[in-house]
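What follows is calculated from the coordinates using simple rules that are stated; it is not laboratory data. Just so we're clear, the structure is a prediction, and the values are computed from it rather than from any experiment. FYI the Cβ positions are ideal-geometry reconstructions off the backbone, even for glycines, and counts take in every protein chain you see.
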Amino acid sequence: MYVRIVRFTLEPGSRSTAEKLADEFVPLIRAQNGCYKCFFITDDDAGDYGIIVLWESKEAAGAAAEIVGPRLTKALSDITDAPDSRQLFEIYEPK
C-alpha cells in the first residue's frame, strides 16, 4: 500500500476556499482505480491544508497522478502563489 500526501498553504482562515478545492478533488481522487481512502486535512489557523490518499499500489497512484495532478496544479495556481508539496510513500506495517 502507498500513501500520497499533498500539502498546500493559503492565507490563514481560508478554510472555505480550501473546502471548495476538497469538494472538487476528493470525489475525483476517490473515483480513481486503486484509491483505498482519501482525506482532506486542515490547520486553518496556520493556513495549512492537504489531501492524504491511500493507494492499493504504486502503479495506481502513478496513474491517478497523471489524471488528477495537472488539474490540481491548475486549481492551486488559481488560489495561491505558494508552491505545494506532493510526496508518495510506501507504507510499511510492522509485524
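Taken about its Cα centre, the chain carries a charge dipole of about 360 debye when Lys and Arg each add +1 at the Cβ and Asp and Glu each add -1 at the Cβ. The phi torsions of the range 83-95, fed into the Karplus equation with coefficients 6.51, -1.76 and 1.60 and a -60° offset, translate into couplings of x, 9, 10, 10, 9, 10, 10, 7, 8, 10, 10, x, 6 Hz, rounded to whole numbers, with Gly and Pro shown as x.
Once you have the Cα-Cα distance between Met1 and Arg15, take 0.36 nm times their residue separation minus that, and quote the gain in nm to one decimal.
Additional length available on full extension: 2.1 nm.
A prolate overall shape is assigned to the chain, the ratio a/c of its alpha-carbon gyration tensor axes (a ≥ b ≥ c) being 1.5 or greater and a/b exceeding b/c. With R₀ fixed at 35 Å, the C-beta to C-beta distance from Arg30 to Lys95 puts the FRET efficiency at about 0.70.
For the range 16-43, the residues whose backbone nitrogen is under 12 Å from a point 7 Å from the Cα of Glu56, taken along Cα to Cβ, are 32-37.
What are the chymotrypsin sites (Phe, Trp or Tyr not before Pro) within the range 46-95 that DSSP puts in a loop, where the Cβ has at most 10 other Cβ atoms within 10 Å?
On the way: sites: Tyr49, Trp55, Phe89, Tyr92; in loops: Tyr92.
Loop-located and lightly packed - Tyr92.
Check the straight Cα-Cα distances from Lys58 and name the aspartates and glutamates below 17 Å, setting aside those fewer than 8 residues away within the same chain. In chain and number order, the partners are Glu66, Glu90, Glu93. The relative contact order of the chain comes to 45 percent, based on Cα pairs under 8 Å that sit 6 or more residues apart.
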